[in-house]
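Enquirer: Below is a structure I'd like to ask you about.
The values are calculated or read from the model by the stated rules, or taken from the named source; none is laboratory data. On a predicted model such as this, the values are computed, not experimentally measured, just so you know. Quick reminder, even Gly has a Cβ in these numbers, built from the backbone with ideal geometry, and neighbours come from all protein chains shown. Note: areas computed on protein heavy atoms with side chains; ligands, DNA, RNA excluded. Shrake-Rupley method; radii C 1.70, N 1.55, O 1.52, S 1.80 Å.
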Amino acid sequence: MPRTCAEIFADIPHAFIGDAASEVSGIAYSSRDVRPGDAFFCIVGNVVDGHDFAQDAIDAGAAAIVCERQLFSVDLKGATEVIVSDARRALAEAAALFYGQPSADMDVIGVTGTNGKTTVTYLVEHALTACGHPCGVIGTCGSRAAGRPVQSLHTTPESADLQRILGIMRDERCQAVAMEVSSHALALGRAWATRFAVTAFTNITHDHLDYHKTFDEYFAAKKLLFSDGYPAVRVISTFGRAGQELAALCRKAGDAVITVGQDEADAIRLVDVRRAGAQTTMTVSLERLRALDVPGCADVPDEVTLTHGLLGDFNTENVLVALGCACAVGAPPERVAASFATAAPPPGRMQRVEVASKMGFMTFVDYAHTPDALEKVISSARKATDGRLLLVFGCEGDRDRMKRPEMAAASLESDLVFLTNDNAHGERVMDVLDEVVAAFPEDMRAGASSKVRLIPDRKQAIRGAVDEAREGDIVLICGRGHEDKMMFGGDTVVFDDVEEARYALLMRAAEERSEVR
């Protein structure tokens, strides 16, 4: 529905040059996407400045140009110029108004942290749906509105896209939305103008320091979701020190805080955990949850028992965070707990790859691309077998180079390492691999030891690990998870770890059948 410039910018400090009554029929922040009648926002990025493309937007039919400085060198051709102090923030606020403030009509649950965001949002979606509350999900593996796919880019879409997607979810009658909120998105204001019912924190470990430069800056970006700019009920995992620190800050600010952990003071407390094969059973105390001033939590039971089939200790923490998020929006704890028995892992998160023929060993694909995540995945796999762990992993090019030595160290907790390419981007594959190899102890380096095998071709590395596996072993293929493309320089190729693992398993099964004959 078209809106006038005056309506869109009524609550945003601005100056008009032109007709405030001009109608806007869409929101754009890339000149390539401008359609006649759109308002084009000149975003100042790290690489390009949107002001340089204002004329292109006007030529494409933009009705309004939103900029941070007056554009003397462009021919407005009747377009209205709107001058604001911060075009990126104005984009978020204008988009929220243009799409009718969709987040105000749903319980939006924002989840941030280094690891676990995708799993928590999937678990929340699954639990709320099981409780009769249609739920949308937005994140790394894409977006869905009550089960229907919605096209989106980025873990957390740009603010204009985010508000459009939230509008679709509202129109699909979603009562809640579980969305991942990345540190990049927080630093860039993509979630600004979104009204959250709940903001949740999983953990923080070494990642994205190519962008944030220091760990403190990285944590500061995460903390933004728990600042007064995003008022909400806070659900915070206190299994790590960072969560304990964040919970204390939120309490000091007067927020309602639901802590999730093992301490007597935690609102959702892990009392007992038992594992039998692929199943984990947990007893969880909710006594302190009742004492909190959180609507819907006054009548929760003393404790609940739940079972889930997600492999890994880290998934025990993810389940508890998801339980906290669902309870925070009023879902009955008993029904939420029961729903986890049928929850499946998200794509590429400890996803088991199987073929018709029983191989005698297990193969998993996981997104673990940080040192902490790799350590946890390996540790969890250790508990699932008495056999060997065969690890396929690499490090991305053009990304946080400081974590490469830590990834190398973490990988040595496995029994056999297949070091390979993982999205070289603009770097040479061998330059990335050489840095990782250099971080191994001298006697463990590829070629000097049978423990580390350097196989730059990822397809061959996966095939090598599958062919090497014996009865009782586990093959772990880490780093890319759900991703289905790899980048080399300017080229992008289709590559899916799950499909490659399935192919390798089928090939081995066929060869073994042939040998038997």
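Enquirer: Could you tell me the relative contact order of segment 281-367? Use alpha-carbon pairs under 8 Å, at least six residues apart, and round to a whole percent.
Expert: RCO, segment 281-367: 25 percent.
Enquirer: Relative contact order for segment 379-517: what percent, with Cα pairs under 8 Å and sequence separation of 6 or more?
Expert: Relative contact order, segment 379-517: 28 percent.
Enquirer: Now, a different point. Debye calculation, C-alpha points only, no solvent: report log10 I(q)/I(0) for segment 294-426 at q = 0.13, 0.14, 0.19, 0.23 Å⁻¹, in the same order as the q values.
Expert: Results for segment 294-426 at q = 0.13, 0.14, 0.19, 0.23 Å⁻¹ read -0.70, -0.78, -1.09, -1.36.
Enquirer: Something else now. Give me a comma-separated list of calculated 3J(HN,Hα) values for segment 134-148, in order, Karplus coefficients 6.51, -1.76, 1.60 applied at θ = phi - 60°, integers in Hz, x for any Gly or Pro.
Expert: Here the 3J(HN,Hα) series is x, 10, x, 9, 9, x, 4, 8, x, 10, 9, 10, 6, x, 8 Hz.
Enquirer: Can you give me the % of accessible surface on segment 388-493 that is carbon or sulfur? Probe 1.4 Å, all protein chains present, nothing else counted. Could the numbers behind the result be given before it?
Expert: Values: 2070 of 4340 Å².
Within segment 388-493, the accessible surface is 48 percent carbon and sulfur.
Enquirer: Where does the Debye-calculated log10 I(q)/I(0) of segment 134-241 sit at q = 0.12 Å⁻¹, using only Cα point scatterers of equal weight, no solvent?
Expert: Rounded to two decimals, the profile gives -0.42.
Enquirer: So how tilted is helix 371-383 from the main axis of the chain? Cα-based, degrees 0 to 90, rounded to 10.
Expert: 40
Enquirer: Oh, and also: Could you give the angle, 0 to 90 degrees to the nearest 10, between helix 313-328's Cα long axis and the longest principal axis of the Cα atoms of the chain?
Expert: The two axes meet at around 30 degrees.
Enquirer: Given contacts defined as C-alpha pairs under 8 Å and at least six residues apart, what's the relative contact order of segment 37-172, whole-number percent?
Expert: It comes to 18 percent, rounded to a whole number.
Enquirer: A further question follows. Where does the charge balance sit around Ser22 when Lys and Arg score +1, Asp and Glu -1, over other residues with C-beta under 14 Å from its C-beta?
Expert: Taking every other residue near Ser22 into account, the sum is -3.
Enquirer: What share of all Cα pairs of segment 210-302, in percent, falls into each consecutive 5 Å distance bin?
Expert: 3, 12, 19, 19, 17, 13, 9, 6, 2, 0
Enquirer: At a probe size of 1.4 Å, how large is the accessible area of Ile27, to the nearest 10 Å²?
Expert: Spelled out: Ile27, probe radius 1.4 Å, area about 30 Å².
Enquirer: Go through segment 467-498 and name the GluC sites (Glu not before Pro) that are in a DSSP coil and have 14 or fewer other Cβ atoms within 10 Å of their Cβ.
Expert: Glu471
Enquirer: Can you give the angle from 0 to 90° between the axis of helix 117-130 and the longest principal axis of the chain, with both taken from C-alpha atoms, to the nearest 10?
Expert: 80
Enquirer: Can you give me the Cα centroid spacing of segment 79-144 and segment 299-336 in angstrom?
Expert: Measuring centre to centre over Cα atoms gives 22 Å.
Enquirer: Can you tally the net charge around Val198? Count Lys and Arg as +1, Asp and Glu as -1, for every other residue whose Cβ sits under 10 Å from the Cβ of Val198.
Expert: Taking every other residue near Val198 into account, the sum is 0.
Enquirer: Need one number: % antiparallel among DSSP beta bridges in segment 393-517, to the nearest 5.
Expert: Antiparallel bridges: around 40 percent, rounded to the nearest 5.
Enquirer: Can you give the local net charge around Met282? Use residues other than it whose beta-carbon is closer than 13 angstrom to its beta-carbon, Lys and Arg +1, Asp and Glu -1. Display every interim value, and only then the final one.
Expert: Numbers: positive: Arg269, Arg274, Arg275; negative: Asp272, Glu303, Asp313, Glu317.
Net charge in that neighbourhood comes out at -1.
Enquirer: If you plug each phi of segment 169-175 into the Karplus form 6.51 cos²θ - 1.76 cosθ + 1.60 with θ = phi - 60°, what whole-Hz ³J(HN,Hα) values come out, in order, with x for Gly and Pro?
Expert: 5, 4, 5, 7, 6, 5, 8
Enquirer: Also, I was wondering about something else. As an exercise, identify the GluC sites (Glu not before Pro) in segment 280-374 lying in DSSP coil whose Cβ has no more than 14 other Cβ atoms within 10 Å.
Expert: Working: sites: Glu287, Glu303, Glu317, Glu334, Glu354; in loops: Glu354.
Sparse-neighbourhood loop GluC sites (Glu not before Pro): Glu354.
Enquirer: Just for the chain, what percent of DSSP beta bridges are antiparallel, to the closest 5?
Expert: 40
Enquirer: Name the GluC sites (Glu not before Pro) in segment 77-177 that are in a loop by DSSP and that have at most 15 other C-beta atoms within 10 Å, would you?
Expert: Sites meeting the loop and neighbour criteria: Glu172.
Enquirer: Using a 1.4 angstrom probe with every protein chain in place, what is the largest-first accessible-area order of Val44, Val150? Before the final figure, lay out each step's value.
Expert: Numbers: Val44 70, Val150 15 Å².
The most accessible residue leads, giving Val44, Val150.
Enquirer: A further question on this structure: Taking the Cα centre of the chain as the origin and placing charges on Cβ (Lys, Arg +1; Asp, Glu -1), which of Thr194, Asn115, Gly18 is farthest toward the positive end of the dipole?
Expert: Asn115
Enquirer: A follow-up question, please. On a 26 Å Cα-Cα criterion, which of the cross-link pairs Lys117/Lys451; Lys451/Lys485; Lys223/Lys403; Lys117/Lys358; Lys222/Lys459; Lys117/Lys403 come out too long?
Expert: Flagged as over cut-off: Lys117/Lys451; Lys451/Lys485; Lys117/Lys358; Lys222/Lys459.
Enquirer: Tell me which residues come under 5 Å, amide H to amide H, from Gln262 once H is placed; ignore anything under 5 positions away on its chain.
Expert: For Gln262, whose amide H was placed from the backbone, the distant partners under 5 Å are Leu270.
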